[in-house]
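Only one structure is covered here, and it is reproduced in the block below.
The values are calculated or read from the model by the stated rules, or taken from the named source; none is laboratory data. Just so it is clear, the model here is predicted, and its values are computed rather than measured. Heads up, the Cβs are rebuilt from the backbone with ideal geometry, glycines too, and the neighbour counts pull from every protein chain shown. All accessible areas refer to the heavy atoms of the entire protein, side chains included, with ligands and DNA or RNA removed. Shrake-Rupley method; radii C 1.70, N 1.55, O 1.52, S 1.80 Å.
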Amino acid sequence: MFPSNHQFSGQPRALAVVETTTTSIQVDLNEASLVSRDEVQNGGFSEAKSIMESSEKLQDDLRMLGMKIKQHEDSLKLLRNQKNKLDDTILDMQVTLGKYHSSSSPGVNKDESHLQSEHETTEQILRHEKSAAGILCQLKAHHGSQASHLSLTKDVLGVVATLGKVDDENLSRIFSEYLGVQTMLAVVCNTFEGVKALETFNQDGCIDKTSGLHGLAASIGRSLDGRFLVICLENLRPYAGDFVAEDRQRRLDLLKPRLPNGECPPGFLGFAVNMINVDSSNLSFVTASGEGLRETLFYNLFSHLQVYQTRAEMVRALPCISEGAVSLDGGMIRSNGVFSLGSREEVDVRFPKTSTMLEELESYSETEKQMIEMRWQKEKLEEDIKRELALLNTAKFNFERKKQDFVKFLAQNSTYATQHQFQAGRR
């Protein structure tokens, strides 16, 4: 409706226009003052006074309209902030409901007896008997809590697959497939000293098979074959942002994806890093610099990986995906522009499940009611925003029209002053 050079961000800009025009009228009125002195002598004082009064009224009108523009802009800002907060709350509720719905996705067995348990995860690791994770689990199975006091393993927190849990079987499958079996079996150490203790070398630079994990494997009649991953927490670059307020799990307060229209993509359930549950026994763990497992280990494994309900919804959200995404029906984007196609791979080491379907069902109905109420509030806010925007546009239009009247008034009275100066010169 308005040219780009007439956009207004608030009262200061509006008053700036008034101040500029005030300067102009003062110049013209200074010119007119020569006439006015002459007019006083010739009975023209009333006309000069009328000009001054009209000028002041126009300036007052412009100031008032500028104040109205500022008021409407402040109201719009407040309403939009309220809407954004509602959007975030609704999205969090969708994540909660999505966790329940994910258990009903294709390929998921609804029988609780088939859900992954901690014991089953340990059994899966032990089947990889020639892996570093398998040997460490074997040591723990035979020596229990004493294993953590050995010089070799005292810095070892565990294996990736045992350090996190998820809320349902489908998340366990898709996250394990995304990471791959080698990462699921990775050994996690707190410090680099712990990493060095796991493998030593002789004078020739070859692995010393009599010490470290290799020596431990030999002592229980096993051999450690091939390479194995070890993750050192103190050497990882941790998450540096804020955390979700009043959340015992200390989930990361990541910026949610937004479409160009400001809405969250349909089907978005959350970030993988926040869908991992850390056991209470590990929640208190922090590195020497004060970071926990979520902001070190799981942030480096998943980063900003997004989770969607379906593959179709994930594909439609591509403009919002920068660091990969997965969907509950098996879709997978490794990174920006890298798609993982083909049949799902069944990884034989998976995260255990933490809560039962019964626990989820208890809060499902209440959450759904709250979300319906929030959506109604959002619709009402959207109507308020439309109404406030219309009032703002009207105020801007009136300001522009009044400014044009003021400019025309200046031009007319400048002509008046020039004419009287000419007449005075002739006299």
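Could you count how many residues in segment 166-196 are of a type outside the set (D, E) and open to solvent by less than 10 Å² (accessible area, probe 1.4 Å)?
Residues meeting the conditions: 13.
All but one of (1) among the charged types (D, E, K, R); (2) modelled with pLDDT under 80; (3) not assigned by the TED database to the domain that holds D87 hold for K369, so report the exception by its number.
(3)
For every residue, the table says whether it meets (1) open to solvent by less than 60 Å² (accessible area, probe 1.4 Å); (2) at pLDDT 90 or above.
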site: L216; (1), (2): yes, no
site: D242; (1), (2): no, yes
site: A245; (1), (2): no, no
site: G262; (1), (2): yes, no
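So is R222 out of contact with any strand residue (DSSP E or B) (no Cβ under 9 Å at 6 or more places or on another chain) and over 22 Å from S176 (Cβ atoms) or not?
So R222 fits the description; yes.
Based on this model, can you work out whether V278 counts as over 12 Å from the mean Cα position of the chain (by Cα), farther than 30 Å from P319 by Cβ and open to solvent by 40 Å² or more (accessible area, probe 1.4 Å)?
Spelling it out, it is not the case that V278 is over 12 Å from the mean Cα position of the chain (by Cα), farther than 30 Å from P319 by Cβ and open to solvent by 40 Å² or more (accessible area, probe 1.4 Å).
Just wondering, is there one or more residues in segment 121-140 that are within 30 Å of L213 (Cα to Cα) and at pLDDT below 80?
Yes, segment 121-140 contains at least one residue that is within 30 Å of L213 (Cα to Cα) and at pLDDT below 80.
Any residue that is in contact (Cβ under 8 Å) with a residue 40 or more places away in the chain, closer than 15 Å to S176 by Cα and among the aromatic types (F, W, Y) - is there at least one of those in segment 281-298?
Yes, that holds for at least one residue.
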